[in-house]
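Enquirer: Below you'll find the structure I mean.
Only the coordinates and a few stated rules stand behind these numbers; no lab work does. Because the structure is predicted, anything quoted here is derived from the model rather than measured. Positions of Cβ are generated from backbone atoms using ideal geometry, with glycine treated the same way; all protein chains shown enter the neighbour counts.
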Amino acid sequence: MASAPFDKVQIQREGTTFDAFVIGKEGAPGIIVLQEWWGVDFEIKNHAQKISQLGSGFRALIPDLYRGKVGLDVAEAQHLMDGLDWQGAVKDIKASANWLKANGSRKVGVTGYCMGGALSIASAVLVPEVDAVVAFYGVPSSELADPAQAKAPVQAHFGELDNYVGFSDVTAAKALEEKLKSSGVPSEVYIYPGNDHAFMNRSPDGVKRRKGMGMEDEDDGAVQLAWSRFATWMTRYLCQ
């Protein structure tokens, strides 16, 4: 996907400032797009650009949770994620939602991938400004947030072959499904047969990186189905 121009903005919270990257038309419903453990890299920008063009259009905003750092290999990404202040990241999401609502977006959703997927579900529990969530292959720790306490509608997507035990494997997905049912909010949990972790990453560089991590699946049909479900969910809860 050709790189489109992102606007770089600064968002304030509690005496600190962080950068965010925005794309899409002003006044459209906002969607906060949360990074994988790599940081704000080419793939998360691909996703945000795609989201900005779905349906009648969304305004996508990527908060830089790592404050400019990007992991170039698995060890570096793991180190960055291990060092993340998760409660602080939730505050970044809240500040991002408030920024979007103050800048023309009447409703705001959150989506995220891997680490960002877990944070997006946490935002459904902890950030009242959030109107809908779509999470990809990540579940928050019980210390951060209990999905049974979700207050915004949640849709979640997982790969059947994902082996990140307790975080994004099938057992974690099914446990999430039960907790969301008990929350009483509208929810959908999808498991994609034959797909591994991070199956939404379809750029050439993203495919190469996944293969380097032993993920050989390439299922464009699943990706298109997930995007279709994403668009339907966000349109239902953000555009009415």
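Enquirer: Going by how many other beta carbons lie within 10 Å of each one, how would you line up 144, 126, 72, 34, fewest first?
Expert: Going from sparsest to densest Cβ surroundings: 72, 144, 126, 34.
Enquirer: Something else: Checking the cross-link filter: which aspartates and glutamates have an alpha carbon closer than 15 Å to that of residue 91, excluding same-chain neighbours under 8 positions apart?
Expert: 14, 19, 64, 129
Enquirer: Which whole-number percent is the relative contact order of the chain (Cα, under 8 Å, 6+ apart)?
Expert: Over the chain, the number comes to 16 percent.
Enquirer: Quick one: of the DSSP bridges fully inside the chain, what percent are antiparallel, nearest 5?
Expert: Of the beta bridges lying entirely in the chain, close to 30 percent run antiparallel.
Enquirer: What does the charge count near residue 135 come to, summing +1 for each Lys or Arg and -1 for each Asp or Glu among other residues with Cβ under 15 Å from its Cβ?
Expert: Once all neighbours under 15 Å are counted, the net charge is -3.
Enquirer: Now, a different point. Can you pull out the GluC sites (Glu not before Pro) in region 96-176 that DSSP calls coil and that have at most 14 other Cβ atoms within 10 Å?
Expert: 143
Enquirer: Given the pairs 69/208; 8/69; 50/107; 25/45; 179/211, which span a C-alpha to C-alpha distance of over 24 angstrom in this model?
Expert: 179/211
Enquirer: Still on this structure, please answer the following. Measuring from centroid to centroid over Cα atoms, what is the spacing of region 209-240 and region 155-200 in Å?
Expert: So the two Cα centres are separated by 13 Å.
Enquirer: Determine which residues of region 187-209 fall in the zone a paramagnetic label at residue 170 would reach in this model, i.e. backbone nitrogen under 15 Å from the point 7 Å along Cα→Cβ.
Expert: Label zone hits: 190-197.
Enquirer: Separation between the residue 228 and residue 101 pseudo-spin-labels, each 7 Å from Cα along Cα→Cβ, expressed in nm?
Expert: That separation, rounded to one decimal, is 3.4 nm.
Enquirer: Find out how many positive minus negative residues lie around residue 110, taking Lys and Arg as positive, Asp and Glu as negative, among other residues whose Cβ is under 14 Å from that of residue 110.
Expert: Once all neighbours under 14 Å are counted, the net charge is +3.
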